[in-house]
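Data block below; observations after.
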Amino acid sequence: MSHAPDDPLRRERELAWIGDAVLGLFARQWILTTYGRMDSEIFAGMTSNQFLSCFGNPTTVEANIGTIYQTSGLEAAFAHMESELIPLFQKQQKNRERR
């Protein structure tokens, strides 16, 4: 299946591919800072499609991160994730820890 260069679905997937990498870097750094250790279980929860689907289509969420990264840089992408994703993630983590 070939795609025209201006294919919006392809563009979204490309941005999501970049956004996924930025999210992964953010998650690793946040986990190390917050928990003081590497934790693959927390990483998986924070970057999973299940978690991202709380904010909409996971591909679209990642594409949005990729767009912010490409247009405004890493610091802006990290600030976006800190303000948009982390509050819900922390709430879910507290609920998991209670169980």
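Here is how the numbers come out for the structure above:
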read-out	value
Apportionment of accessible area to carbon and sulfur, the chain, percent (1.4 Å)	52 percent
Net lengthening on full extension, Phe43/Glu97 (0.36 nm per residue, minus Cα-Cα)	17.9 nm
Rounded to whole Hz, the Karplus (6.51, -1.76, 1.60) HN-Hα couplings of the range 6-21, x for glycine and proline	9, 5, x, 5, 5, 4, 4, 5, 5, 5, 5, 4, 5, x, 4, 5
Per residue accessible area of the range 5-76, 1.4 Å probe, in Å²	63 Å²
Net charge over other residues, Cβ less than 15 angstrom from the Cβ of Arg28 (K, R count +1; D, E count -1)	-3
HN-Hα J in Hz across the range 44-56 - Karplus 6.51, -1.76, 1.60, θ = phi - 60°, x for Gly and Pro	4, x, 6, 10, 6, 4, 4, 5, 4, 5, 5, 10, x
Under the Karplus curve 6.51 cos²θ - 1.76 cosθ + 1.60, θ = phi - 60°, whole-Hz ³J(HN,Hα) for the range 63-68, x wherever Gly or Pro sits	5, 4, 4, x, 5, 4
For the chain, Kirkwood radius (reciprocal of mean inverse C-alpha pair distance, Å)	14.1 Å
In the range 1-62, the trypsin sites (Lys or Arg not before Pro) that fall in loop regions by DSSP, at most 11 other Cβ within 10 Å	Arg37
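The values are calculated or read from the model by the stated rules, or taken from the named source; none is laboratory data. Being a predicted model, the structure only gives us computed values, none of them experimental. Every residue, glycine as well, gets a Cβ built from its backbone with ideal geometry; the counts of neighbours run over all protein chains shown. Heavy atoms of the whole protein, side chains included, go into the accessibility calculation; ligands, DNA and RNA do not. Shrake-Rupley method; radii C 1.70, N 1.55, O 1.52, S 1.80 Å.
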